[in-house]
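Here the structure comes first, spelled out in structure tokens, and everything after it is commentary.
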Amino acid sequence: MKTKYWIWIGAVLAAGAAAAAAWVIQPAIAPIQPPAANDFDSAAIARGARVVAQGDCMVCHTAAAGAPYAGGLPLRTPFGTIYTTNITPDPATGIGNWSLSAFTRALRHGVSRDGHLLYPAFPYIHYTRMSTVDIEDAYAYLMTRTPVVATAPDNDLLLPLRFRPMLAGWNLLYLRPGPVADNPAQTAEWNRGRYLVDGAGHCASCHSTLGPIGGERSPAFSGGNIDGWDAPALTALLQAPKPWTREQLALYLRHGWSPEHGAAAGPMGPVAHSLSLVPEADSNAIATYIMSLQTPARPAPAATAAATDKTAVVQGATLFAGACASCHGAAAPMMANGGRPSLALSTAVNSERPDNLIQIVLNGVPWSHPDQHTFMPPFAASLTDAQIASIAAYVRADIGKRAAWNDVEQRTAKIRKENQQ
Ligand code: HEC
Ligand code: HEC
Ligand code: HEC
């Protein structure tokens, strides 16, 4: 795999050098005196709060236990670790001396105020679709937050990638700056949904497969991977054990939970949390657009699955009875009175790979959502890799009625290790 990256990195370097001279050299935009809070219209600030929620800006720009928007969160990528920056209005370490045009250039072109190119871990290839008004409102909101003095740690990247000008080659390949015109053949709601999904919502940055240099592959939304979690395909929602409806999807996005499909866990938890802060019309529009992308069922891939390990299933049944059935058993109050879906309906149980089931058992489902009313404790400290593998074998065979997954114990060990990094 490594060699392939290098070939690509070389190709991009060459393309970048040849064609992107104009991109490489970006002028600095002059610093300004930090604007005062009353320079901004209160209605713009209120609208900006929603734009910033749609864009999940806080999720990435806030470190664990750190001040909101002060940055410092490490993002793990195949190319190394990138730290988010401080986007509070502190003039020295944040964006306090950024003009609106500097802010707009960052979102539309991935260029910092002083002219250096930003890494695409910042999803500017999506934010570039945002309207001028939405960008102005986001600026008004962020410039009126509490300034925090904070400098992000140095990035820890593969050597050639520390050289930012080569990002010009990447931009040539993947950045199509500016908003996209509405499609007149579609409804206003569909167009609003597409605007939010492709723009601020940047759903494809997690739900699409990434190529060797981190560009999104088409077809978009055919399923991706983020932080060791699978982000399922958003084009196969009709193939779920209970096919999704637009209403269920809108509810799931807004509440982080749907009675037919379960909870938004892992990296989807904070996304749903942000979406709980946007108007209902927007989550409905997102659902309308996503439901219009559904593709017909593909024939099931040829069975490569391992034979079910009967001993593991029996052991798993005992462990499940002890660790899980008090909540997930058919007679448990959570199921009988709480209207929770059977695990048989969960994508984590039905998917091709065991990763999300492993992640959910290791991490649980935290109280991350204001009105989700769901909590599952983490089992990382109380179950071994072998025990989790047995539980997975049981859940997969007896509850999901699916062919066994391969190598669950090894995957668990690997995921556990990655989570600790
Ligand atoms: C997926 C994570 C992620 C999300 C979501 C995100 N950012 Fe960032 N952002 C980053 C990273 C990483 C950087 C630093 C990139 C670099 O140093 O090259 C960054 C950099 C920036 C910068 C440049 C700061 C500087 O000093 O150069 C601005 C401005 C910014 N983000 C604004 C926003 C806004 C506004 C939103 C929401 C609409 C947002 N970001 C959402 C990851 C994210
Ligand atoms: C204290 C109650 C509780 C216990 C114990 C518990 N869970 Fe959960 N679990 C939840 C809740 C709440 C959710 C999220 C809401 C939902 O799906 O109903 C959840 C979600 C899940 C999901 C994802 C379903 C979805 O939402 O898509 C899986 C898979 C899962 N649990 C497996 C397990 C396994 C395996 C065990 C035992 C190792 C276990 N749980 C123990 C409460 C619990
Ligand atoms: C930071 C990465 C990330 C972003 C951004 C993101 N998602 Fe997700 N999403 C995930 C992951 C990971 C899962 C799987 C975890 C789970 O099901 O709880 C998921 C699950 C889902 C599911 C459930 C699918 C299923 O089959 O159960 C839906 C629907 C969904 N996302 C829609 C969206 C939409 C719409 C957007 C944009 C508004 C979006 N996601 C943005 C990471 C992301």
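Values for this structure:
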| read-out | value |
| --- | --- |
| Number of positions in the stretch 107-121 that are within 7 Å of ligand 1 (Cβ to nearest atom) and either among the acidic types (Asp, Glu) or surrounded by 22 or more Cβ atoms within 10 Å (Cβ to Cβ) (or both) | 1 |
| Only one of 359, 387 that is surrounded by 13 or more Cβ atoms within 10 Å (Cβ to Cβ), under 22 Å from the mean Cα position of the chain (by Cα) and touching a residue at least 12 places away in the same chain (Cβ under 8 Å) | 359 |
| The stretch 67-85 residues that are closer than 14 Å to residue 120 by Cβ and in the same structural domain as residue 96 (by TED's automatic domain parsing), paired with ones that are part of a strand (DSSP E or B) and acidic (Asp, Glu) (beta carbon under 9 Å, 6 or more apart) | 80/156; 82/156 |
| Out of 28, 44, sole residue that is small (Gly, Ala, Ser) and either in a helix (DSSP H, G or I) or in contact with a Phe, Trp or Tyr (Cβ under 9 Å, 6 or more places away or on another chain) (or both) | 44 |
| Single residue of the stretch 329-350 satisfying the filter (among the polar types (S, T, N, Q) and farther than 16 Å from residue 391 by Cα) that is surrounded by the most Cβ atoms within 10 Å (Cβ to Cβ) | 347 |
| Out of 193, 224, 199, 269, sole residue that is buried (at least 18 other Cβ atoms within 10 Å of the Cβ), farther than 28 Å from residue 419 by Cα and under 16 Å from the mean Cα position of the chain (by Cα) | 199 |
| Output for the stretch 357-376, where each listed residue is near ligand 2 (Cβ under 6 Å from one of its atoms) and either closer than 18 Å to residue 326 by Cβ or modelled with pLDDT under 95 (or both) | 360, 361, 365, 374, 375, 376 |
| Residue match in the stretch 239-262 (condition: within 16 Å of ligand 2 (Cβ to nearest atom), at pLDDT below 95 and acidic (Asp, Glu)) | yes |
| Options 421, 315, 410; residue that is surrounded by 17 or more Cβ atoms within 10 Å (Cβ to Cβ) and either in contact (Cβ under 8 Å) with a residue 60 or more places away in the chain or of a type outside the set (Ser, Thr, Tyr) (or both) | 315 |
| Tally, over the stretch 36-68, of residues that are within 9 Å of ligand 1 (Cβ to nearest atom) and on the phi > 0 side of the Ramachandran plot | 1 |
| Subset of the stretch 61-84 that is among the aromatic types (Phe, Trp, Tyr) and under 26 Å from residue 163 (Cβ atoms) - its residue that is modelled with the lowest pLDDT | 79 |
| Which numbered condition residue 351 fails, given (1) within 19 Å of residue 237 (Cβ to Cβ); (2) at pLDDT 95 or above; (3) not assigned by TED's automatic domain parsing to the domain that holds residue 199 | (2) |
| Residues of the stretch 68-84 that turn out to be assigned to a loop (DSSP other than H, G, I, E, B) and surrounded by fewer than 22 Cβ atoms within 10 Å (Cβ to Cβ), as a count | 5 |
| Any pair with Cβ under 9 angstrom, 6 or more apart, that starts in the stretch 38-54 at a residue that is aromatic (Phe, Trp, Tyr) and ends at one that is outside any helix (DSSP H, G or I) | 40/144 |
| The stretch 228-246 residues that are among the acidic types (Asp, Glu), paired with ones that are within 11 Å of ligand 3 (Cβ to nearest atom) and at pLDDT below 95 (beta carbon under 7 Å, 6 or more apart) | 230/351 |
| Subset of the stretch 223-262 [among the aliphatic types (A, V, I, L, M) and either more than 6 Å from ligand 3 (Cβ to nearest atom) or within 16 Å of residue 293 (Cβ to Cβ) (or both)] | 231, 233, 234, 236, 237, 238, 240, 249, 250, 251, 253 |
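The values are calculated or read from the model by the stated rules, or taken from the named source; none is laboratory data. Since the model is a prediction, treat every value here as computed from it, not as a measurement. Heads up, the Cβs are rebuilt from the backbone with ideal geometry, glycines too, and the neighbour counts pull from every protein chain shown.
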